[in-house]
1. Among (1) buried (at least 22 other Cβ atoms within 10 Å of the Cβ); (2) closer than 26 Å to residue 170 by Cα; (3) at pLDDT 95 or above, which single condition is residue 293 missing?
2. Which residues, taken from the stretch 432-467, are on the phi < 0 side of the Ramachandran plot and out of contact with any strand residue (DSSP E or B) (no Cβ under 6 Å at 6 or more places or on another chain)?
3. Do any helices (runs of 4 or more DSSP H) lying entirely in the stretch 240-319 carry at least 2 residues that are within 30 Å of residue 180 (Cβ to Cβ), and which ones are they?
4. Given 302, 275, which one is out of contact with any helix residue (DSSP H, G or I) (no Cβ under 7 Å at 6 or more places or on another chain), within 18 Å of residue 131 (Cβ to Cβ) and buried (at least 20 other Cβ atoms within 10 Å of the Cβ)?
5. Suppose we keep only residues that are more than 13 Å from the ligand (Cβ to nearest atom) and in a loop (DSSP other than H, G, I, E, B) within the stretch 382-398. Which one would you say is nearest to residue 80 (Cα to Cα)?
6. Could you tell me whether residue 257 is more than 30 Å from residue 51 (Cα to Cα), touching a strand residue (DSSP E or B) at 6+ places or on another chain (Cβ under 8 Å) and in contact (Cβ under 8 Å) with a residue 40 or more places away in the chain?
7. Considering 173, 218, 162, 203, which residue is without any contact (Cβ under 8 Å) to a residue 60 or more places away in the chain and within 16 Å of the ligand (Cβ to nearest atom)?
Ligand code: DGJ
C-alpha cells in the first residue's frame, strides 16, 4: 500500500500554497492580512473570501445560550476540533454585551475570539438583538422593562407579548447603537479575521398575527407602498418569485397605491408589508454596522409553507423564498438570506433560496448522515458558501436529526458522520472552491423517493443512483449522495456514499464510456495520492453486458459503499 501510494502521487493536481489554505488554515497569509472577509463573485460562484482566498465554511451552530459564558464553552471547543469544523456559529445576545444602557462589556466577545483562535476555529456571530425566533427575549432587561419607550408589537387579541415592534424607532436606535459598538470592537480587536460574517437577528417574523396592529404599524399599513419597493418590483418584474408575481397580477399589477390597493386585502398582503418592515429595520442595523466594519451580513429563515398552504400562526414577514424580492428591495445591505432547513425536502428548499442575487448558505440543519448528504449537495450543486448543522453541543444531534428529549448522545466525536464527512470536504476544499468558480461541479442527493439523478458535467452525463444489487438491480440503499468535479475532458473526481455512478458520453464519437483507470485516494499537499486501485468487483455494476451495450453502457461504473464518504478518481475512454 505504501509503495502504491507513492507511485500514485500525481503532481497533476497541484495548487498554489495559498489556495491549499482555503478554508483550512488558521493564520492569515501576509499578502491578504489586511483584507476584511468579504463576498466576491468568482466565475460562476459568489464565494466568501478570507485573507485573500476562498473559504468553505465547514461549520456548525451551537444552541443559543452555549456561548453565553466562557466557562460553558471551555469543554465545547475541543469537541469542535474533533468534529473537523473550521467555523463555528455562535450567538451573541444583546443583553450579554450591554447589560446597562450605554455600558458595553466585550469581555465575552474577546474570550470567544481568543478561544476560537486556540482551537483553530473561525466564528460567525449570530446577533440576537431585537429578535431571536421573532421574540425579543435577548433584548436587555432595561429595554424589556421600558414598554413605554420601546413599543411592542400589538396583536389582534390585544394581549401584550414579548415582541418589540419593528416600527419602534427607539428599539431600532438602541439595537443599532449596540450593533455598531460591537462592530467597532471587532474592527479594533480582530486583526486576524477570526470573525467571518454576522447573522442579523435570528429567524425574524411576527409570531401570533399576520401584521403588527400597533399605532405606528397601522399608520404605515394605511400609507402608500414605498416608492423604492414599487420601483424594485417594476424593474425586476420578469424575475420575481412566481408567488409574488401572481399575487401582484391578481390584484391588478398597479404601480402605486396603499398596500391593499396594490396587493389586495388579506394575510398575503400583510406578509408583504411585514417583510418590507422587517427588511428596513434589519437593513438599518446592518448598514450602520457595515459603515464601521463591513463584514458580510445574512439572515436566517424559519421556513413556512407557501401562501396557498399557510395557516396561522406563522412568522409573518420573515425572508421566505417567495418574499426574497421584497427583502432584496428593502435590505440591500444584507448580503444574502439563508434557509434553516429542518424539513425533509432539502433539495427543493435550497434550490429556491439559491439565486443569482442570493448565494446559498445553510446556517441550521441536520448533523447526522442526512446532514452530510445535505452538505455535499449544497456545496456541489449550489456552490454553497458552506454548511452548518444546528445544536451540536447537544451531542444527540450528531447521530439523530431533531432528537427527542432523552435520545442518548455520543462522545465518539471522531467517528460521527459529521466528522467523517467534513474530513473529506476539508480534503477536497481547494478542488471544490476552484470548481465552484469554474462551474465544473455537480452533486446528487438521493433517497427512496428520488433514487436517481443525472449530473451533466463536461463531455459526460453522470447518472448517480442509489446503490443497486448486481443480481436483480434493485436498490440497496435509502440515503446516498455524491459530489463530482470534472478534472479534464475524460477525468472526474467523485466523492460520495452509498451510490453508484455510470457515465454517458455527450459529444460526437464512440458512444460507450469505459473505465480506463480508477482509484480511491485523497490529496496530500496538493497532490493526488492513490490509496487503492479500483477494478473488477468494485466497478462491475451490471453483468448483462449485451443488454447494457444495447443502451450504450459498459456495465461498469463507480460504486460507493455505505458509511463515511470516500473520494474516487476515474479516467474514462470511449468505444463503440
Ligand atoms: C431555529 C432557531 O433559529 C434556533 O435558534 C433554535 O431555536 C432552533 N430552531 C431549535 O430547533
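The values are calculated or read from the model by the stated rules, or taken from the named source; none is laboratory data. If you're wondering where the values come from, they're calculated on a predicted model, not measured in any experiment. As a convention, Cβ positions derive from the backbone with ideal geometry for all residues, glycine included, and neighbour counts pool all protein chains shown.
1. (1)
2. Our first condition is that a residue be on the phi < 0 side of the Ramachandran plot; within the stretch 432-467, this holds for 432-438, 440-457, 459-467.
Matches in the stretch 432-467: 432, 434, 438, 448, 449, 450, 456, 459.
3. Those helices (runs of 4 or more DSSP H) span 267-292.
4. Details: 275 fails: out of contact with any helix residue (DSSP H, G or I) (no Cβ under 7 Å at 6 or more places or on another chain).
Within the list 302, 275, the selection yields 302.
5. 385
6. Working: more than 30 Å from residue 51 (Cα to Cα): yes; touching a strand residue (DSSP E or B) at 6+ places or on another chain (Cβ under 8 Å): yes; in contact (Cβ under 8 Å) with a residue 40 or more places away in the chain: no.
No, not satisfied.
7. Values: 173 fails: within 16 Å of the ligand (Cβ to nearest atom); 218 fails: within 16 Å of the ligand (Cβ to nearest atom); 203 fails: without any contact (Cβ under 8 Å) to a residue 60 or more places away in the chain.
Going through 173, 218, 162, 203 in turn, the sole match is 162.
Condition check ((1) in a loop (DSSP other than H, G, I, E, B); (2) under 19 Å from residue 58 (Cβ atoms); (3) modelled with pLDDT of 95 or more; (4) within 16 Å of the ligand (Cβ to nearest atom)) across all residues:
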{"residue": "338", "(1), (2), (3), (4)": "no, yes, yes, yes"}
{"residue": "351", "(1), (2), (3), (4)": "no, no, yes, no"}
{"residue": "367", "(1), (2), (3), (4)": "yes, yes, yes, yes"}
{"residue": "371", "(1), (2), (3), (4)": "no, yes, yes, yes"}
{"residue": "377", "(1), (2), (3), (4)": "no, yes, yes, no"}
{"residue": "380", "(1), (2), (3), (4)": "no, yes, yes, no"}
{"residue": "400", "(1), (2), (3), (4)": "yes, no, no, yes"}
{"residue": "405", "(1), (2), (3), (4)": "yes, no, no, yes"}
